[in-house]
Amino acid sequence: MKQTAKPFLTLFGIALIIAVIGRIGLAIMAASGALAFDYISASGVAILDVICSILTGSAFVAFLFAAGLALCLSTAGPVLYGYLYAKGTPGAGHPLTAFLWGWATALAAIICLVVVASGILSAVQVGSMSSKLPGLPVIILGVIVFAAFLGTLLGAASMVVCACVARTQSGRGGLSSGLLAATAVCGLVVMVLTVGTFSTLNSVAINTTALLAWFAADVVVNLLLMLGASRRLSRGEVAKTPAAKAPASHRA
């Protein structure tokens, strides 16, 4: 138990930090009126109210499972990428592969969500939704584009994990402390962007210009986080090189 305590406590710490940051974000949206926790929203019929009116009873429970599966896959992607980098796997630790695997992970998560969600709605609900949706090719293209948007976030998370690993390998701190600090700092940034984007989306009359501006800000910040982590990772690689040569010189 002593040997395995630190990794598990780090995991629990990361989850707690995310929970606190998420709670702060929810409090901000509740105070601003973007979210209403009453049974009937007092601010008209926003998109979230429409979705919740459809997902009731067993359908809601099934959707929670589907959403949990998608979130687990999205979380496991950056963890796996960081693990591959720590093992020295070729290709791991580069922004392009981080983005591409982040895109693929997001797409796989969405597909899993659709697979489960496709069986939780009645024929009447499916027919009603189908009449309001665009054609299948447009939906598929939209899913691919949305997955690419999420891929920037997962790619940034993957590179941040790699930067924490590189920092530890270069002897500049522990992995646990680095991951906890990165979760807190990056989590606050993501929370602010999520609150702004969702608050703009969850409204009776959606301001398309404002929504696109928030989406653009999300992508830009995600790319900045990805490239910033890449630079720190490169510095870690440079700092790690002399340390790797030290044992050979001692033996000589």
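The values are calculated or read from the model by the stated rules, or taken from the named source; none is laboratory data. Worth saying up front: this structure is predicted, and the values here are computed from it rather than measured. Ideal geometry is used to build each Cβ from the backbone, glycine not excepted, and the neighbour counts take in all protein chains shown.
Of the residues Ser230, Ser234, Ser249, which single one is under 26 Å from Gly155 (Cα atoms), part of a helix (DSSP H, G or I) and at pLDDT below 90? Let's see the steps before the verdict.
On the way: Ser230 fails: at pLDDT below 90; Ser249 fails: under 26 Å from Gly155 (Cα atoms).
Exactly one of Ser230, Ser234, Ser249 is under 26 Å from Gly155 (Cα atoms), part of a helix (DSSP H, G or I) and at pLDDT below 90, namely Ser234.
Which residue, of Gly25, Gly44, is out of contact with any Cys (no Cβ under 6 Å at 6 or more places or on another chain), farther than 27 Å from Ala76 by Cβ and either at pLDDT 90 or above or part of a loop (DSSP other than H, G, I, E, B) (or both)? Quick ask: steps written out before the conclusion?
On the way: Gly25 fails: farther than 27 Å from Ala76 by Cβ.
Being out of contact with any Cys (no Cβ under 6 Å at 6 or more places or on another chain), farther than 27 Å from Ala76 by Cβ and either at pLDDT 90 or above or part of a loop (DSSP other than H, G, I, E, B) (or both) holds for just one of Gly25, Gly44, which is Gly44.
In the stretch 95-102, is there at least one residue being hydroxyl-bearing (Ser, Thr, Tyr) and modelled with pLDDT of 95 or more?
Step one: filter the stretch 95-102 for residues hydroxyl-bearing (Ser, Thr, Tyr), giving 97.
Filter again for modelled with pLDDT of 95 or more, leaving 97.
There is at least one residue in the stretch 95-102 that is hydroxyl-bearing (Ser, Thr, Tyr) and modelled with pLDDT of 95 or more.
Which is small (Gly, Ala, Ser), in a helix (DSSP H, G or I), more than 20 Å from Ser177 (Cβ to Cβ) and in contact (Cβ under 8 Å) with a residue 24 or more places away in the chain, of Ser74, Ser53?
Ser74
Test of understanding: among Val204, Val143, which residue is touching a residue at least 12 places away in the same chain (Cβ under 8 Å), under 30 Å from Ser58 (Cβ atoms) and not in a helix (DSSP H, G or I)? Can you show your working first?
Numbers: Val143 fails: not in a helix (DSSP H, G or I).
It is Val204.
Against the condition within 25 Å of Gly228 (Cβ to Cβ), assigned to a helix (DSSP H, G or I) and not hydroxyl-bearing (Ser, Thr, Tyr), how does Leu69 come out, does it pass?
Values: within 25 Å of Gly228 (Cβ to Cβ): no; assigned to a helix (DSSP H, G or I): yes; not hydroxyl-bearing (Ser, Thr, Tyr): yes.
Answer is no for this residue.
Within the stretch 122-133, does at least one residue satisfy the condition of being touching a residue at least 12 places away in the same chain (Cβ under 8 Å), over 20 Å from Gly77 (Cβ atoms) and surrounded by 13 or more Cβ atoms within 10 Å (Cβ to Cβ)?
yes
Please work out which residue is farthest from the chain's Cα centre (by Cα), limiting yourself to the stretch 162-181 and to residues that are surrounded by fewer than 20 Cβ atoms within 10 Å (Cβ to Cβ) and within 18 Å of Val79 (Cβ to Cβ).
Within the stretch 162-181, the first condition is being surrounded by fewer than 20 Cβ atoms within 10 Å (Cβ to Cβ), and the residues that meet it are 168-177, 180-181.
Next, from what is left, pick out any that are within 18 Å of Val79 (Cβ to Cβ): 168-169, 174-177, 180-181.
Values: Thr168: 23, Gln169: 25, Gly174: 24, Leu175: 20, Ser176: 20, Ser177: 20, Leu180: 16, Ala181: 17 Å.
Across the stretch 162-181, the extreme among qualifying residues is Gln169.
Would you please list the contacts, defined by Cβ atoms under 8 Å and residues six or more apart or on different chains, that run from a residue in the stretch 185-199 that is closer than 9 Å to Ala34 by Cβ to a residue that is of a type in the set (Ser, Thr, Tyr) and at pLDDT below 95?
Note: pairs meeting the criteria are Ser199/Ser32.
Among (1) modelled with pLDDT of 90 or more; (2) more than 22 Å from Val192 (Cβ to Cβ); (3) in contact with a helix residue (DSSP H, G or I) (Cβ under 8 Å, 6 or more places away or on another chain); (4) not charged (D, E, K, R), there is one condition Leu71 misses while meeting the rest; what is its number?
Answer for Leu71: the failing condition is (2).
Which one of the conditions (1) over 26 Å from Arg235 (Cα atoms); (2) assigned to a helix (DSSP H, G or I); (3) over 18 Å from the mean Cα position of the chain (by Cα) does Ile111 fail to meet, given that it meets all the rest?
Here Ile111 clears every test but (3).
Which of the numbered conditions does Phe8 fail, given that it passes all the others? Conditions: (1) out of contact with any helix residue (DSSP H, G or I) (no Cβ under 7 Å at 6 or more places or on another chain); (2) loosely packed, with under 12 Cβ neighbours inside 10 Å; (3) at pLDDT below 90.
(3)
How many of the residues making up the stretch 85-108 are of a type in the set (A, V, I, L, M, F, W, C) and part of a loop (DSSP other than H, G, I, E, B)?
So the first thing to find is which residues in the stretch 85-108 are of a type in the set (A, V, I, L, M, F, W, C), and the list is 86, 92, 96, 98-101, 103-104, 106-108.
Those still in the list that are part of a loop (DSSP other than H, G, I, E, B) too: 92.
Matching residues across the stretch 85-108 total 1.
Could you figure out which of (1) within 21 Å of Gly33 (Cα to Cα); (2) of a type outside the set (S, T, N, Q); (3) modelled with pLDDT of 90 or more isn't true of Ala205?
Against the list (1) within 21 Å of Gly33 (Cα to Cα); (2) of a type outside the set (S, T, N, Q); (3) modelled with pLDDT of 90 or more, Ala205 comes up short only on (3).
Restricting attention to the stretch 153-171, which residues are part of a helix (DSSP H, G or I), among the hydroxyl-bearing types (Ser, Thr, Tyr) and modelled with pLDDT under 95? Show your work before the answer.
So in the stretch 153-171, the residues part of a helix (DSSP H, G or I) come out as 153-169.
Checking which are among the hydroxyl-bearing types (Ser, Thr, Tyr) leaves us with 158, 168.
Matches in the stretch 153-171: Thr168 only.
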